[in-house]
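The values are calculated or read from the model by the stated rules, or taken from the named source; none is laboratory data. Small disclaimer: the values here were computed from a predicted structure and weren't measured. Cβ: placed from backbone, ideal geometry, glycine included. Neighbour counts: every protein chain shown.
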């Protein structure tokens, strides 16, 4: 493995993440919600009316952790639950009007923050950053799919839904 690459990644990623997390805390100050709750609102903002399982998958949470998160969001009047029309065993989650307004506010602030970032980068640097981030996500997805495949083999299972999801781009 390329040592300078590994060293640079180990140095840079934590610094970038600390910056983004600090910005997130400033962004949420006074809104009365946690970063995890905002992430759930944003997932629902871009793909509303998800099942609890779909939301858990999108957020990389277990269904029980997602249920607790949704419970808190329901108490804050940010989301609502309702039974699926076709299958009463399925619970769907969607934003309330207040939840949608809050998600729009946070999304707008993030767009502004990243627009400001873009002003400090040349067009070539912007394109390179986007290409690099896509490549990183592609490799992470491949690694996750491979882990899922090996785990399924160890458990004597065939292809899992999770593995199929990773192999389905989009």
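For the structure I just gave you, tell me whether residue 155 is loosely packed, with under 10 Cβ neighbours inside 10 Å, farther than 27 Å from residue 38 by Cβ and modelled with pLDDT under 95. It is true that residue 155 is loosely packed, with under 10 Cβ neighbours inside 10 Å, farther than 27 Å from residue 38 by Cβ and modelled with pLDDT under 95.
For segment 34-41, the criterion of being over 19 Å from residue 112 (Cα atoms) and either in contact (Cβ under 8 Å) with a residue 40 or more places away in the chain or part of a strand (DSSP E or B) (or both) is met by at least one residue.
Residue-wise test of (1) outside the structural domain of residue 148 (by TED's automatic domain parsing); (2) at pLDDT 95 or above; (3) on the phi > 0 side of the Ramachandran plot; (4) in a helix (DSSP H, G or I).
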| site | (1), (2), (3), (4) |
| --- | --- |
| 55 | yes, yes, no, yes |
| 66 | yes, yes, no, yes |
| 77 | yes, yes, yes, no |
| 82 | yes, no, no, no |
| 87 | yes, no, no, no |
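Quick check on residue 102: is it at pLDDT 90 or above, under 30 Å from residue 25 (Cα atoms), touching a strand residue (DSSP E or B) at 6+ places or on another chain (Cβ under 9 Å) and part of a helix (DSSP H, G or I)? Here the answer is yes, as residue 102 does meet what is asked. Taken over segment 110-133, the criterion of being surrounded by 11 or more Cβ atoms within 10 Å (Cβ to Cβ), outside the structural domain of residue 41 (by TED's automatic domain parsing) and within 18 Å of the chain's Cα centre (by Cα) is satisfied by no residue. For residue 74, the conditions (1) under 16 Å from the mean Cα position of the chain (by Cα); (2) surrounded by 12 or more Cβ atoms within 10 Å (Cβ to Cβ) are fulfilled apart from (1). The conditions of being surrounded by fewer than 17 Cβ atoms within 10 Å (Cβ to Cβ) and either within 21 Å of residue 141 (Cβ to Cβ) or touching a strand residue (DSSP E or B) at 6+ places or on another chain (Cβ under 8 Å) (or both) are not met by residue 93.
Only a single item in (1) surrounded by fewer than 17 Cβ atoms within 10 Å (Cβ to Cβ); (2) free of Cβ contacts under 8 Å to residues at least 60 places away in the same chain; (3) under 19 Å from the mean Cα position of the chain (by Cα); (4) under 23 Å from residue 17 (Cα atoms) is not met by residue 68, and it is number (4).
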